[in-house]
Amino acid sequence: MDINEAISGRRSVRDYTAQAVDEPAIRRLIDAAVNAPNAVNQQPWTFTVVRDQRLLDRISRDAKSHMLATLPADAASGHFRSMLDDPAFQIFYHAPVLILISAIAQGPWIVEDCALAAENLMLAAHSVGLGTCWIGFAQSYLNTPVGKSALGLPAEWVSIAPLIVGHPKAVAAPVPRKVPEIRWVG
Ligand SMILES: Cc1cc2nc3c(=O)[nH]c(=O)nc-3n(C[C@H](O)[C@H](O)[C@H](O)COP(=O)(O)O)c2cc1C
């Protein structure tokens, strides 16, 4: 698939078939991720692959409780609160795989490095017909001591990009973009 087609066609997918994603396919996505530009080529990332649906259900339940307990009481949180209050809402949309990108080193650019790896992974997935979605709802919980222990992550790791992967049930609808504001200086 042409790069422009991949960039413009990728969408966050929230509805998946039950079909598993095989290990070679997961490895190819991680190979794409590690080709991302990263500061001083430190490659500070690690990839935790979770396919156990009972574990993902448990993390979803606990992450929702954690989010509800820590959401600010402003109006903007109202929409999130009603989603998180719904017992039927599973934050991973029952996707067959979660790939969690965590930083294993401290440094000023670990967030940028892991986010670039995440975008590579999501574009590579789209190019082979797989869907992805970054699940920010999981991020804060997975950085708590309890969340880290749920996945056996060492205390010093910082989890940055929880990405679900699976076979989309349907083509996700395009999400409108604002016209970019561009300032031409000089
Ligand atoms: C940091 C980050 C966190 C996100 N968290 C969630 C999430 O928890 N749940 C979800 O359904 N989508 C989540 N998304 C997906 C965004 O909602 C989505 O990228 C945005 O609406 C644009 O749609 P598109 O990805 O289809 O272009 C997240 C995306 C990013 C980059």
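A compact table of results
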{"read-out": "Within straight-line cross-link reach of LYS169, aspartates and glutamates at Cα separation under 16 Å, skipping those fewer than 8 residues along the same chain", "value": "ASP15"}
{"read-out": "Nearby lysines by direct alpha-carbon distance to LYS64 (threshold 16 angstrom, same-chain neighbours under 8 apart not counted)", "value": "LYS148"}
{"read-out": "Alpha-carbon centroids, region 118-135 and region 1-66: separation in whole Å", "value": "7 Å"}
{"read-out": "Contour excess over end-to-end distance, with Cα ends at ALA69 and GLN90 and 0.36 nm allotted per residue", "value": "5.8 nm"}
{"read-out": "Cα-derived Rg to Rh of region 1-95, Kirkwood definition", "value": "1.04"}
{"read-out": "The chain - mean residue ellipticity at 222 nm from DSSP helices (-39,500 (n - 2.57) per run, n ≥ 4, rounded to 500)", "value": "-11500 deg cm²/dmol"}
{"read-out": "Potential extension, PHE80-SER12 segment - 0.36 nm per residue separation minus Cα distance", "value": "22.8 nm"}
{"read-out": "Accessible area in the full protein assembly, largest first, 1.4 Å probe, for ARG183, ARG10", "value": "ARG183, ARG10"}
{"read-out": "Global geometry of region 144-186, whether rounded, prolate or oblate, following the gyration tensor of its Cα atoms and the 1.5 cut on a/c", "value": "oblate"}
{"read-out": "Fraction of accessible area attributable to carbon and sulfur, region 57-123 (%, probe 1.4 Å)", "value": "62 percent"}
{"read-out": "Per-q log10 I(q)/I(0), region 68-186, q = 0.15, 0.19, 0.20 Å⁻¹ (Debye; single scatterer per alpha-carbon; no solvent)", "value": "-0.90, -1.25, -1.30"}
{"read-out": "Accessible surface, the chain, averaged per residue in Å² (probe 1.4 Å)", "value": "57 Å²"}
{"read-out": "Probe 1.4 Å - accessible area at ASP52, Å² to nearest ten", "value": "80 Å²"}
{"read-out": "Per-selection Rg to Rh, region 1-159 - Cα, Kirkwood hydrodynamic radius", "value": "0.96"}
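The values are calculated or read from the model by the stated rules, or taken from the named source; none is laboratory data. Quantities reported herein were computed from a predicted structural model and do not represent experimental measurements. These accessible areas exclude ligands, DNA and RNA; they are computed on the full protein's heavy atoms, side chains included. Shrake-Rupley method; radii C 1.70, N 1.55, O 1.52, S 1.80 Å.
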